[in-house]
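Novice: So that we are looking at the same thing, I have put the structure below in structure tokens.
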Amino acid sequence: MSIDIKKKEMVQRGTAFFPIQYYCSNTASPLYNLPVHWHNECELIHILDGEHMFFVDGEEICLKKGMLCVIQDGVLHGDGANKTTCRYESVVFDLSLVRNKNYAHDAFLEDISSRKVVLNKVIPLKNKEASTEVENMFLAMRREPVGYELLTVARLLFIFGYIKNNGFFTEDEKVLDRSRLRSDQLKAVFNLIKQNYGSVISLDDMAASAGMSPKYFCRVFREMTHRTPVEYLNAFRVDQACNQLRAGKESLIDVAYNCGFNDFSYFIKTFKRYKGMTPHKYRSFDLRLADEIQPPPKILENEYSDANS
């Protein structure tokens, strides 16, 4: 994953004609990592098995089977503070994919695009029809049968219609303003860490970037991320160390210093805390096995017709 200095993810999704990308993730893999970031596209996350803690727009949520996580464009999101084990799939897409310019009732999608409404982070799939349509949308992207583009768009439209019909959104201006302010404050802190993680970053530095006093900043940061600022900083530095270890060019002690750890023993201890193994073991780990993702549950060839019969 490539992320710019403002934590904006820089990845091409699909093609210019079909701007959507499917991902399948296994949080048990030592190589799995979803740092806090944002992008200009919307994202839908669907749990295959287990459950996972996600950080979305200043809130940590536990996503389980039977729920759909919706992330609007520009919203900060990533892994939660507590490690969980699950497999999940997601699609990241440009909202223009499902917007029909000639459709008279496109106002709701326009309001989503302009952030005049904020969609609920978690959408409960309350009936079999909703659950089936969501599963089949991911199935279409996963299997890519003939005509999967039309099947995908049709089911995305169903999902947005389901959200609107059930009122899973808010138009409260006070809520929207508070959400934007807190998001901007966090983006400033993450930007500071991204640019300077290899150097000394004090609590005062982080608080100043958010425009808060250190004491108030610590309270707000913990409320929004369920981590202390130092915990987040250490986790980010460990993730950067993982990137350097996989490159295999630097010594362990150089990696530690490059990533802002001035005490090598503290680096070893912190790395093991977040990754469950030492940096040396991580570097020597069989990356092919670590990156292996179990296939989704077996799908019958006639699942499309069975699901809709």
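Novice: Of all residues being under 16 Å from P30 (Cβ atoms) and among the polar types (S, T, N, Q) in the range 250-285, which is least open to solvent (accessible area, probe 1.4 Å)? Just the residue, please.
Specialist: Going through the qualifying residues, I end up with T270.
Novice: A further question follows. State all residues of the range 40-73 that are polar (S, T, N, Q) and farther than 15 Å from F169 by Cα; if no residue qualifies, say none. Spell out how you get there, then give the answer.
Specialist: To start, the set of residues in the range 40-73 that are polar (S, T, N, Q) comprises 40, 72.
Matches in the range 40-73: N40 only.
Novice: Only one of these is out of contact with any Leu (no Cβ under 8 Å at 6 or more places or on another chain) and farther than 30 Å from V255 by Cα: S202, S114, S183, S131. Name it. Talk me through it step by step, then tell me what you get.
Specialist: Details: S202 fails: farther than 30 Å from V255 by Cα; S183 fails: out of contact with any Leu (no Cβ under 8 Å at 6 or more places or on another chain); S131 fails: out of contact with any Leu (no Cβ under 8 Å at 6 or more places or on another chain).
The unique qualifying residue is S114.
Novice: Taking the range 1-39 on its own, how many of its residues are touching a Lys or Arg at 6+ places or on another chain (Cβ under 9 Å), modelled with pLDDT of 85 or more, open to solvent by 50 Å² or more (accessible area, probe 1.4 Å) and over 23 Å from Y274 (Cα atoms)?
Specialist: 1
Novice: If we scan the range 125-148, do we find a residue that is at pLDDT below 95, over 24 Å from K65 (Cβ atoms) and part of a strand (DSSP E or B)?
Specialist: No, the range 125-148 contains no residue that is at pLDDT below 95, over 24 Å from K65 (Cβ atoms) and part of a strand (DSSP E or B).
Novice: Quick check on this structure: which one of A188, A154 is aliphatic (A, V, I, L, M), closer than 24 Å to V56 by Cα and not in a loop (DSSP other than H, G, I, E, B)?
Specialist: Working: A154 fails: closer than 24 Å to V56 by Cα.
A188 is the lone residue from the list that is aliphatic (A, V, I, L, M), closer than 24 Å to V56 by Cα and not in a loop (DSSP other than H, G, I, E, B).
Novice: Can you say whether V175 is at pLDDT below 80, in a helix (DSSP H, G or I) and open to solvent by less than 60 Å² (accessible area, probe 1.4 Å), as far as the supplied structure shows? It would help to see each step written out before you state the result.
Specialist: Values: at pLDDT below 80: yes; in a helix (DSSP H, G or I): yes; open to solvent by less than 60 Å² (accessible area, probe 1.4 Å): yes.
So V175 passes the test.
Novice: Output the residues belonging to the range 235-249 that are over 19 Å from the mean Cα position of the chain (by Cα), over 14 Å from P30 (Cα atoms) and not aliphatic (A, V, I, L, M). Quick ask: steps written out before the conclusion?
Specialist: Filtering the range 235-249 for residues over 19 Å from the mean Cα position of the chain (by Cα) gives 241, 244-249.
So of that shortlist, the ones also over 14 Å from P30 (Cα atoms) come out as 244, 247-249.
Listed by number, the residues that qualify are Q244, G248, K249.
Here is a yes/no grid of residues against (1) touching a residue at least 12 places away in the same chain (Cβ under 8 Å); (2) more than 19 Å from H280 (Cβ to Cβ); (3) not aromatic (F, W, Y):
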| residue | (1), (2), (3) |
| --- | --- |
| Y162 | yes, yes, no |
| Y197 | yes, yes, no |
| I201 | yes, yes, yes |
| A210 | yes, yes, yes |
| E231 | yes, yes, yes |
| F236 | yes, yes, no |
| A247 | no, no, yes |
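Novice: Do we have Y148 as among the hydroxyl-bearing types (S, T, Y) and without any contact (Cβ under 8 Å) to a residue 24 or more places away in the chain here? Lay out the reasoning, then the answer.
Specialist: On the way: among the hydroxyl-bearing types (S, T, Y): yes; without any contact (Cβ under 8 Å) to a residue 24 or more places away in the chain: yes.
Considered against the rule, which asks whether it is among the hydroxyl-bearing types (S, T, Y) and without any contact (Cβ under 8 Å) to a residue 24 or more places away in the chain, Y148 comes out as yes.
Novice: Any residue at all in the range 48-69 that is in contact (Cβ under 8 Å) with a residue 12 or more places away in the chain, part of a loop (DSSP other than H, G, I, E, B), farther than 23 Å from T152 by Cβ and open to solvent by 50 Å² or more (accessible area, probe 1.4 Å)?
Specialist: No; the residues of the range 48-69 include none that is in contact (Cβ under 8 Å) with a residue 12 or more places away in the chain, part of a loop (DSSP other than H, G, I, E, B), farther than 23 Å from T152 by Cβ and open to solvent by 50 Å² or more (accessible area, probe 1.4 Å).
Novice: Within the range 200-213, is even one residue in contact with a Ser or Thr (Cβ under 8 Å, 6 or more places away or on another chain) and outside any loop (DSSP other than H, G, I, E, B)?
Specialist: Of all residues in the range 200-213, those in contact with a Ser or Thr (Cβ under 8 Å, 6 or more places away or on another chain) come to 207.
Then drop every residue that is not outside any loop (DSSP other than H, G, I, E, B), which leaves 207.
Scanning the range 200-213, I find at least one residue that is in contact with a Ser or Thr (Cβ under 8 Å, 6 or more places away or on another chain) and outside any loop (DSSP other than H, G, I, E, B), so the answer is yes.
Novice: Still on this model: Might you check whether a residue that is modelled with pLDDT of 85 or more and closer than 25 Å to S25 by Cα occurs anywhere in the range 112-120? Break it down into steps so the answer makes sense when it comes.
Specialist: Going residue by residue through the range 112-120, those that are modelled with pLDDT of 85 or more are 112, 117-120.
Still in the list and also closer than 25 Å to S25 by Cα: 119-120.
Yes, that holds for at least one residue.
The values are calculated or read from the model by the stated rules, or taken from the named source; none is laboratory data. Note that the structure is predicted; figures quoted are calculated from it, not measured. As a convention, Cβ positions derive from the backbone with ideal geometry for all residues, glycine included, and neighbour counts pool all protein chains shown. Each accessible area value is taken on the protein alone, full model and side chains, heavy atoms only, with ligands, DNA and RNA left out. Shrake-Rupley method; radii C 1.70, N 1.55, O 1.52, S 1.80 Å.
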